[in-house]
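Student: Next up is a structure, given as structure tokens.
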Amino acid sequence: MIFEEKTITLKNQKTAILRSPKIEDAEALLNNIIASSGETEVLTNYPEEYTMGVDGEAAWIKSHLESPDALVICCELEGKIIASCDVRFNSTIKTRHRAALGITVRRDYWGLGIGSAMFEAMITVAKARGVEIMELEFLEGNNRAKHLYEKFGFHVVSYRPGAFRLKDGRVLGEFYMQKYL
């Protein structure tokens, strides 16, 4: 699915672009998620777990651009990809009223309104598609994300204790949230 490019003004007055990634963005998009995963322990993967390589990322981008059931949006600032999000639309009869989403923003760009702009875009696309329930998960301790999600009307509907074990042995739970559109 292709996202129509949108220019946004950040809280620091710089201009960024929300757009679908291109195949040639594969390395930058992969580097973005790897770097983001190394900046915080409350994302679901460690940097070294992204083993698909640039060719694998390019194939992933291509499949999402061609799929009617998936949307990826990246945020480009000054020629650099600094954030990405995705919506996965369910396609079966019993679940097509639901969509799952994910988002990551590089730490240096937190607090500039990128996450909010991306959520607005994902919600707009989901509503246009007829989605009734948006869903996401986040790890215990990711309070910045929780605040963003609650700002957009998501509510915790369940908690899964012990869902993730960190390298240092600590165990974190996972929250599941929904938003009715």
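Student: When only DSSP loop residues count, what trypsin sites (Lys or Arg not before Pro) in the stretch 1-71 have their Cβ near at most 13 other Cβ atoms within 10 Å? Let's see the in-between values first.
Tutor: Working: sites: LYS6, LYS11, LYS14, ARG19, LYS22, LYS62; in loops: LYS11, LYS14, LYS22.
Answer in residue order: LYS11, LYS14.
Student: Under a 1.4 Å probe, what is the accessible area of the stretch 115-181 per residue, stated in Å²? Write out the running numbers ahead of the final one.
Tutor: Working: 3640 Å² over 67 residues.
It amounts to 54 Å² per residue over the stretch 115-181.
Student: Carbon-plus-sulfur fraction of the accessible area of the chain, 1.4 Å probe, in percent?
Tutor: Details: 4800 of 9610 Å².
On the chain, the fraction of accessible area on carbon and sulfur atoms equals 50 percent.
Student: Further question: When the chain is treated as a GNM, springs tying every alpha-carbon pair under 10 Å, which of GLU49, GLU27, GLU150 comes out with the largest mean-square fluctuation?
Tutor: Largest GNM mean-square fluctuation: GLU49.
Student: Most mobile of ALA126, ALA70, ALA59 per a Gaussian network model of the chain (Cα springs, under 10 Å)?
Tutor: In this elastic network of the chain, the residue with the biggest mean-square fluctuation among ALA126, ALA70, ALA59 is ALA59.
Student: While we're here: Strictly over 32 Å apart at the Cα level, which of LYS14/LYS127; LYS22/LYS127; LYS62/LYS127; LYS62/LYS146; LYS6/LYS167 would you flag in this model?
Tutor: Numbers: LYS14/LYS127 28 Å; LYS22/LYS127 24 Å; LYS62/LYS127 24 Å; LYS62/LYS146 30 Å; LYS6/LYS167 39 Å.
Too far apart for the 32 Å limit: LYS6/LYS167.
Student: Run the dipole for the chain about the Cα centre, Lys and Arg Cβ at +1, Asp and Glu Cβ at -1, nothing else charged, and hand back the magnitude in debye, nearest 20.
Tutor: On the way: 23 positive and 25 negative charges, 137 e Å.
In debye, rounded to 20, the chain gives about 660.
Student: Using each residue's phi in the stretch 161-170, evaluate 6.51 cos²θ - 1.76 cosθ + 1.60 at θ = phi - 60° and report the 3J(HN,Hα) Karplus result to the nearest Hz, with x for Gly and Pro.
Tutor: Rounded to whole hertz, the list is x, x, 6, 10, 10, 7, 4, 7, x, 5.
Student: OK, next. Sequence gap at least 6, Cα distance under 8 Å: using those rules, report the relative contact order of the chain to the nearest whole percent.
Tutor: Numbers: 320 pairs, mean separation 33.3, N = 181.
Relative contact order comes out at 18 percent.
The values are calculated or read from the model by the stated rules, or taken from the named source; none is laboratory data. In this text, all values refer to a predicted model and were calculated from it rather than measured experimentally. Every residue, glycine among them, receives a Cβ derived from its backbone with ideal geometry; neighbour counts consider all protein chains shown. Just so you know, the surface numbers come from the protein's heavy atoms only, side chains and all, with ligands and any DNA or RNA stripped out. Shrake-Rupley method; radii C 1.70, N 1.55, O 1.52, S 1.80 Å.
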